[in-house]
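Asks: Pasting a structure below so you can have a look.
The values are calculated or read from the model by the stated rules, or taken from the named source; none is laboratory data. Just so you know, these numbers come straight off a predicted model, no measurement behind them. When we count neighbours, we look across all protein chains shown, and the Cβ atoms used for this are built from the backbone with ideal geometry, even at glycine.
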Amino acid sequence: MTVRINPSILSADFVNLQSEVERLSSADLVHVDVMDNHFVPNLTFGPRMVEGLQSVSPVPLDVHLMISDADRWAPGYAELGAFSVTFHAEAAANPRATARALRERGARAGLAVKPGTPIEPYLDLVPEFDQFLVMTVEPGFGGQSFMPETMPKLRVLRDAVSRFGGDVWLQVDGGITVETIGVAADAGADTFVAGSSVFGADSVERAIDDLRAAAGAHRHDG
Ligand code: DX5
Ligand code: ZN
């Protein structure tokens, strides 16, 4: 079973983002948190920065939109050529149409849910998406503690994805460390976002390796 480690540049040095991104060549994807100070109480960057990062990143970009009115804004990130674009269920009036718009523009479509948002209303949409993101902290900031109470949603999703049989990735984001990654892997996650545990380490490369090994040790399904 494939394990993907996507470092989040939210915890990188924003003044030197090019050199920070260039350190991530052993990652699977670079996770880019777009925040609008409205859907979440924090502000990061928009399309121009995403476009610029993509031109210098050694691996493709995994864009996580924490913005309101996702139906309106998400397709533009796919037009920039982002590998995957994930938007929040809480911020979309028509997630099915938005997923189709993303796929038509060549991106993998992702649907994210906050810790308090149930997943059951979205299970019918499994065939429309390439990835689901179960937030394991409240979105907005790095460095928070992993919320194990979100794990039942991953198990439900893993079950739904197995029944569907398609190539749908299950991502977790928030508080992922070598201590918590195994819990998420056991619950069915295969794609792991990590901000502070990667950029807070002495060696970014070793942190990515350690996370990969810790997740791999916990995978026991096929
Ligand atoms: C939080 C972001 C995360 C954040 C995770 O809202 O979506 O991607 O960077 O940071 P850590 O890994 O430090 O919890
Ligand atoms: Zn994120």
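Asks: Could you run through segment 168-198 and say how many residues are within 21 Å of S25 (Cβ to Cβ), within 11 Å of the chain's Cα centre (by Cα) and among the hydrophobic types (A, V, I, L, M, F, W, C)?
Replies: Looking only at that region, the number is 4.
Asks: Among (1) closer than 30 Å to A185 by Cα; (2) within 14 Å of ligand 1 (Cβ to nearest atom), which single condition is S57 missing?
Replies: Every condition holds for S57 apart from (2).
Asks: Further, regarding this structure: Have a look at L125, L111 and point out the one that is within 17 Å of D167 (Cβ to Cβ), touching a Ser or Thr at 6+ places or on another chain (Cβ under 9 Å) and hydrophobic (A, V, I, L, M, F, W, C).
Replies: Details: L125 fails: touching a Ser or Thr at 6+ places or on another chain (Cβ under 9 Å).
Only one candidate passes the filter, namely L111.
Asks: To continue, here is another question. If R206 meets every condition in (1) part of a loop (DSSP other than H, G, I, E, B); (2) at pLDDT 95 or above; (3) more than 14 Å from ligand 2 (Cβ to nearest atom) apart from one, which number is that one?
Replies: Single failed check for R206: (1).
Asks: Given (1) under 25 Å from V137 (Cα atoms); (2) modelled with pLDDT of 95 or more, where does T2 come up short, assuming only one miss?
Replies: Evaluating T2 over (1) under 25 Å from V137 (Cα atoms); (2) modelled with pLDDT of 95 or more leaves (2) as the failure.
Asks: If you check R212 against the conditions, is it surrounded by fewer than 23 Cβ atoms within 10 Å (Cβ to Cβ), away from ligand 2 (no atom under 14 Å from the Cβ), of a type outside the set (F, W, Y) and more than 24 Å from F83 (Cα to Cα)? Give the derivation first.
Replies: Numbers: surrounded by fewer than 23 Cβ atoms within 10 Å (Cβ to Cβ): yes; away from ligand 2 (no atom under 14 Å from the Cβ): yes; of a type outside the set (F, W, Y): yes; more than 24 Å from F83 (Cα to Cα): no.
The answer is no for R212.
Asks: Hey, another quick one. Any residue at all in segment 148-169 that is surrounded by fewer than 16 Cβ atoms within 10 Å (Cβ to Cβ), in a loop (DSSP other than H, G, I, E, B) and within 12 Å of ligand 1 (Cβ to nearest atom)?
Replies: No: zero hits.
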